[in-house]
Amino acid sequence: MSEELKKLRDDHKDFLGDNLENPPLCPLSLFSDWFDAAVRGQELESNALCLSTVGKSGIPSSRIVYLKEMKEETFIFYTNYNSKKGEELDQNPNATMLFFWPKLQRQVRITGLVSKISEQDSDAYFSSRPRESQLGAWASHQSEILHSRAELLSRLTDLAVQFPSDVPRPAHWGGYALLPSEMEFWQGQPSRLHDRVVYERFANSWRTIRKNP
């Protein structure tokens, strides 16, 4: 074990977060409040989340992506549809998002079905990206084997020539929307007796339960 990890293991810090004694009826409003608090509290990368997917192999995989929008009860992120996450979502549209805001001692776990957003919405977001990011979406064959970084940079140079002005959105790149079926809010509390409030969707309403920490 590394010395630094040993120090962290032996650091028995306590949690002193706000309590979740009277949570609101709607988890989306609570998420919005917590997200705004994370931004105001200058949490690093407040909109970063760990996205977990499971394809036909049955083996889960996780990676960090960015929440870009909340729209009509869905959580929207963008990626390469040909990436590993894209392939796994084609095979199994169930996924989980996990937000972690350590300054506030909070986590939010969101589980639900993922579907592609409209091409028009993907076009609109793609057009708002910096030119370098637009070209990068074309240059990166995401999740495929790359023999050298020079190969990637060479593709980028060629694409800059191919698209001297406007860069169109590649068909293999766009947005996904996760519609939550369950949302769990975790708030750190003293003595490790953390608050865990879970919202479960039933038809057009939500049921709220508490779980042991």
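Below are the figures for this structure:
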quantity: Nearest-0.05 FRET efficiency for GLU3 and TYR125, computed from C-beta distance (R0 35 Å); calculated: 0.20
quantity: Calculated log₁₀ intensity ratio I(q)/I(0) where the Debye formula runs over C-alpha points of the range 104-213, q = 0.10, 0.16, 0.18, 0.19 Å⁻¹; calculated: -0.55, -0.83, -0.90, -0.95
quantity: Gyration tensor over alpha-carbon atoms, the range 59-149, equivalent ellipsoid semi-axes in Å; calculated: 23, 18, 16
quantity: Relative exposure of TYR199, TYR78, judged by other C-beta atoms within 10 Å (fewest first); calculated: TYR78, TYR199
quantity: Residue of GLU69, GLU151, GLU43 that the Gaussian network model of the chain assigns the largest fluctuation, springs spanning Cα pairs under 10 Å; calculated: GLU151
quantity: Footprinting exposure proxy for GLU21, GLU87 (fewest neighbouring C-beta atoms within 10 Å first); calculated: GLU21, GLU87
quantity: The chain: Rg to Rh, with Rh as the Kirkwood radius over Cα pairs; calculated: 1.02
quantity: Residues GLU200, GLU132, GLU72, GLU88 arranged by fewest to most Cβ contacts within 10 Å; calculated: GLU72, GLU132, GLU200, GLU88
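Values in this text are rule-based calculations from the coordinates and carry no lab data. All values reported here derive from a predicted model rather than from experimental measurement. Every residue, glycine as well, gets a Cβ built from its backbone with ideal geometry; the counts of neighbours run over all protein chains shown.
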